[in-house]
Structures are given as structure tokens and as C-alpha cells.
Amino acid sequence: MASLIEIRNMCKIYNPGENEVRALDHVSLSIGENEFVAIIGHSGSGKSTLMNMLGCLDVPTSGIYLLHGSDVSLLSDDELSDIRNQEIGFIFQGFNLISNLTAFENVELPLIYRGVSKKERTNLAKEALRKVGLENRMTHKPSEMSGGQQQRVAIARAIAQAPPVILADEPTGNLDSHSSKEIMNILRQLHSEGRTVIVITHDNDIAANAKRIVHIEDGRITSDSANEGNLSRDDIDKEIRSGPVIYDSDIKEEIPNEEPAEAVIEEPTATRDDYDIKITDENIDLHLIGDKQNEQEE
Ligand SMILES: Nc1ncnc2c1ncn2[C@@H]1O[C@H](COP(=O)(O)OP(=O)(O)OP(=O)(O)O)[C@@H](O)[C@H]1O
Ligand SMILES: [Mg+2]
């Protein structure tokens, strides 16, 4: 299998000096095209830090990251921005939708900044929303949708231009078990279409969908094994050597397979001004500015 992502001996140290945090400690990881990988580990183990590296949202303190064989550390900011735009679709726990835009406009916005023509972006946005089952919600604003629907809008935004890699950080972290299953079905579908899907999660049910499970603990990879479909939740629990963790999904009752009667209405807090929108000739580099991102992830 061709190596799409190759990380060698990567370290990330926050606040170097006396109070330094070694969030990634000599991590090596290779991910091929069309893999479906779950990265699991307890809170603070370094999952999001690793995702930020994989997504070129941050740079490592040391180590090598080869994406399609090119050394990412040698790329300029503009080139990194190009890679993010063309290669990677991001999905975050906090959805990161813009509250005063409709579902359609949220999906369309990055396409506008990428210079896609009106006709093409309308087609792409509609097709992406149709794919996540939201063709009837195009004109709804985030506050008018359930958490699961908002996350599906965020997925539509991530996949509208068919990036080869989908990076999802706790995509179901704010969702009930019914919505979580819908999101996982969509991610499975994207994988079956040939995308590389990397999901970061606390949730073993979510991890059980992946074909490969990488466990990270204190910034180090402690196991990396194929999931042939015969790993049970208990098996994955045993993989987590730091002891059992209680997940929301353990205590939530199964919700019948229908639109949730009392949908969880998540009031998105991000507005246009919270986004760091970096525009180059062809690209938009759209992500939440530091504090807002942290706030949304809490
Ligand atoms: N910007 C930062 N400055 C300083 N320390 C940080 C920063 N970001 C993360 N850390 C620390 O790095 C370590 C790894 O954090 P990270 O966010 O990667 O964990 P995580 O596995 O994603 O946790 P969670 O499951 O809670 O999201 C933690 O100890 C965290 O406190
Ligand atoms: Mg995290």
C-alpha cells in the first residue's frame, strides 16, 4: 500500500523549559492510502496534538512528516495552506459552523474563497449536503438543527471538494448514540469510496468501526494493530492499558432509529470574526482562531 502519511520520530514540546509538556514523544506512524484508522487514548494523551500535526495545523518540535513523500517541514506557509485545502477535510468535535450562515452557505463558504465558480460550488455544496442526508435542511441555520445535523453539515463542508484525507477529531464527542452512528456510517461510506479516514476518539464503539487502531498514551504510540472486524469492545478496552474509562455512550440509552424527538440544539458560538480566514489567490485557509478553538473543544 502506498504510504500517504509518514511520520518519523516526531516530538512536540509545548512551553519548552521548566514547565514543558512533551505532548508527542518520538512518534513514528505510517498511514497508507484508503486506510481507516482510529487513534485512541485517554484525555491529554496527545491525540489532538497528533491530529494538528497530521493536518499541518501546527509544526512539530522535531521529527519528520512526509505527506505524499514530500517533507512538510520544508514547505512555506502558503504551500501548507494549499495542502490543507486540497488534501485534507477537517471535522471537529465542536462542528465549527458559522452561526449566521445557512447549512448551504457554510458548505459553500470555503469554495467561494477557493475561487470555485458559482455554478460549480452550488453543485458541489448541494451534492455534499445530499450525501449526508441534509438536502431538506439547506436553508437552515445551525441553531435550527440538532447536534447530529450540525455535524453532518460540517462533514459536508469537509468533503465538498473531495479531499483524499478526512481527519476527524472526536467527531461524535458532542452527539447522542443515534447521531454518532449516523456520523460513523458516513465516515465508513467515505472510506469505502476510497478516502483515507483518520478518526481521533475516546469512544471504543467508534474505534471499532476502523480497520486499524492506534493507541497513544503520554505522547507515545503504545499499540498499533489491525482491526479485522473481530475486535470486541472488551478487546479494545483491554488495549487501553490506562484502565477503564466511562464513556457517555456506555450510559446513554439506545435511541430508536428516527429523528430524535428532542434534538440536542447546540448553539454554535463561532461567528465569521472568530475565523482566521487566510485568502490567497486560489485558497481559503479557514480555521478557528486559538482561544475560540479551545473554547469550542471544551
Ligand atoms: N497549546 C498548548 N500549550 C501547552 N500544553 C498543551 C497545549 N495543547 C495541548 N497541551 C498539552 O499537551 C498534552 C496533550 O494534549 P492533547 O490536546 O493533544 O490531548 P488529547 O489526547 O487530545 O486530549 P483530549 O482527549 O482531552 O482532547 C496535554 O497534557 C495538554 O495539556
Ligand atoms: Mg483532544
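The values are calculated or read from the model by the stated rules, or taken from the named source; none is laboratory data. These numbers were taken from a predicted model, which means no experiment stands behind them. Neighbour counts run over all protein chains shown; Cβ positions are idealised from the backbone, glycine included.
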What number of residues within region 132-147 satisfy the criterion of being under 18 Å from Ile183 (Cβ atoms), among the hydroxyl-bearing types (Ser, Thr, Tyr) and without any contact (Cβ under 8 Å) to a residue 60 or more places away in the chain?
0
Regarding region 49-59, can at least one residue be identified that is within 23 Å of Ala156 (Cβ to Cβ) and more than 16 Å from ligand 2 (Cβ to nearest atom)?
yes
Read through the list (1) surrounded by fewer than 21 Cβ atoms within 10 Å (Cβ to Cβ); (2) assigned to a strand (DSSP E or B), then give the number of the only condition that Val37 fails.
(1)
If you take the residues of region 12-34 that are in a strand (DSSP E or B) and within 11 Å of ligand 1 (Cβ to nearest atom), which of them is nearest to Leu57 (Cα to Cα)?
Lys12
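Residue-by-condition table, conditions (1) at pLDDT 95 or above; (2) more than 30 Å from Asp176 (Cα to Cα); (3) out of contact with any helix residue (DSSP H, G or I) (no Cβ under 6 Å at 6 or more places or on another chain):
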| residue | (1), (2), (3) |
| --- | --- |
| Lys12 | yes, yes, no |
| Pro16 | no, yes, yes |
| Leu74 | no, yes, yes |
| Asp77 | no, yes, yes |
| Ile88 | no, no, yes |
| Ile91 | no, no, no |
Among the residues of region 6-36, write down those that are among the aliphatic types (A, V, I, L, M) and within 16 Å of ligand 2 (Cβ to nearest atom).
Val21, Ala23, Leu24, Val27
Looking only at residues in region 43-58 that are in a loop (DSSP other than H, G, I, E, B), out of contact with any Asp or Glu (no Cβ under 9 Å at 6 or more places or on another chain) and near ligand 1 (Cβ under 10 Å from one of its atoms), which one is nearest to Ile88 (Cα to Cα)?
Asp58
For region 59-68, enumerate the residues that are in a loop (DSSP other than H, G, I, E, B) and more than 13 Å from ligand 1 (Cβ to nearest atom).
His68
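Can you name the strands (runs of 3 or more DSSP E) wholly within region 158-220 that have at least 3 residues being within 16 Å of ligand 1 (Cβ to nearest atom) and of a type outside the set (Val, Ile, Thr)?
Counting at least 3 such residues, we get 165-169.
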Can you tell me which residue within region 75-95, out of those that are away from ligand 2 (no atom under 16 Å from the Cβ) and in a loop (DSSP other than H, G, I, E, B), is nearest to Tyr113 (Cα to Cα)?
Ser76
Pairs returned, first residue in region 84-98 that is of a type in the set (Gly, Ala, Ser), second residue that is assigned to a helix (DSSP H, G or I) and within 15 Å of ligand 1 (Cβ to nearest atom), beta-carbon separation under 9 angstrom, 6 or more apart or interchain, are Gly94/Gln293; Gly94/Glu295; Gly94/Gln296; Gly94/Glu297
